Amino acid sequence: MTAKRPPDLSAEEYRAACEELVRLWDSLPNAIEVRNRDDSSARVLYGLAVHVVSSVRSVLLLIEAERSRDSYPLVRKALEFAVMAQWLRYHGAVGLSAFGFESTRRSRAILKTMTDADIEVPADIVAGYSIDVPKVAEADLVRNFEQVCTFFRGGAGLYFMYRFLSADCHPRERWGKAPIGHWGLRSDRSK
């Protein structure tokens, strides 16, 4: 079996894809009707979509400033939110329950970290996260983004892209080996 090469987008194709996404979003009507007001999945999917478009708008600003490498964390975020939205769309109420459980678990971890750091957490926020959220089997899947990606045809490629973009979100030893200027930095720090 021959290994696949990742797609090689030129800077112009990258910019065009981002601009197309924003153009499509901006062409939507200002008010989006939710037929079933009790449908929390529509609100969650809309919220995820808003984050994707907001991130892509910021990516375009970085591209314009010739700082496309600095956009990788935002592209990673947009990819993760978009993939999660599609996963939720396919999994319906069970997926939403899993997403709600995992979101609550993460928020509780943040509150614990705040408490451990002696940062006061407002009582209404503590109360909001003390409500019991039932765990469904899919919650463990939502916690592992690789598993979410593999749900889709081509999911291994999605996850590879996520990991590739994640490389610039975390400090790594190789950054110290690159010559000054390699990462778009100037030795005189003027940019």
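No lab work stands behind these numbers, since they all come straight from the coordinates. Please read all numbers here as calculations on a predicted model, not as lab measurements. Don't worry about glycine lacking a Cβ; one is built from the backbone with ideal geometry, like all the others, and counts go over all protein chains shown.
Please report LYS112, LYS77 as a ranked list, fewest other C-beta atoms within 10 angstrom at the top and most at the bottom.
On the way: LYS112 11, LYS77 19.
In order of increasing Cβ crowding within 10 Å: LYS112, LYS77.
Local charge sum around VAL121 (other residues, Cβ-Cβ under 13 Å, Lys/Arg +1, Asp/Glu -1)?
Values: positive: ARG108, LYS112; negative: ASP116, ASP118, GLU120, ASP124.
It works out to a net charge of -2.
What spacing in nm lies between the two simple spin-label points modelled at PHE152 and VAL94, each 7 Å away from Cα in the Cβ direction?
If labels sit at PHE152 and VAL94, their model points lie 2.1 nm apart.
Determine the gain in length on full extension of the stretch ALA42-SER27; use 0.36 nm per residue of separation and subtract their C-alpha separation, reporting nm with one decimal. The partial results should precede the final answer.
Working: separation 15, 0.36 × 15 = 5.40 nm, distance 1.89 nm.
So the chain would gain 3.5 nm between ALA42 and SER27.
Show me the ranking of peptides 161-167, 53-59 by mean Cβ neighbours inside 10 Å, starting with the highest. Walk me through the numbers before you get to the answer.
Numbers: 161-167: 15.1, 53-59: 19.7.
My ranking of the peptides, most packed first, is 53-59, 161-167.
For segment 11-177, what is the charge dipole size about the Cα centre, in debye to the nearest 20, if Lys and Arg each add +1 at the Cβ and Asp and Glu each add -1 at the Cβ? Walk me through the numbers on the way to the answer.
Working: 22 positive and 23 negative charges, 74 e Å.
Value, rounded to 20: 360 debye.
Stick to Cα atoms and the Kirkwood definition of Rh, then tell me Rg/Rh for segment 11-177. Could the numbers behind the result be given before it?
Details: Rg = 18.2 Å, Rh = 18.2 Å.
So for segment 11-177, dividing Rg by the Kirkwood Rh gives 1.00.
Provide ASP168, ASP132 in ascending order of the number of other Cβ atoms located within 10 Å of each residue's Cβ, fewest first.
Details: ASP168 17, ASP132 6.
Listing ASP168, ASP132 from fewest to most nearby Cβ atoms yields ASP132, ASP168.
Between VAL50 and ASP132, how high is the FRET efficiency from 1/(1 + (r/R0)^6) when r is the Cβ-Cβ distance and R₀ = 22 Å? Nearest 0.05. Kindly include the intermediate steps, with their values, before the conclusion.
Values: r = 29 Å, r/R0 = 1.30.
That pair, VAL50 with ASP132, gives E of 0.15.
For the residue pair ALA167 and ASP140, what label-to-label distance in nm results when each label sits 7 Å from Cα along the Cα-to-beta-carbon direction?
Between ALA167 and ASP140, the simple spin-label model gives 3.2 nm.
Tell me, how many Å apart are the Cα centres for segment 73-125 and for segment 139-154?
Their Cα centres are 15 Å away from one another.
Ranked by Cβ crowding within 10 angstrom, fewest neighbours first, how are TRP87, TRP25 ordered?
Details: TRP87 22, TRP25 15.
Lowest to highest Cβ neighbour count: TRP25, TRP87.
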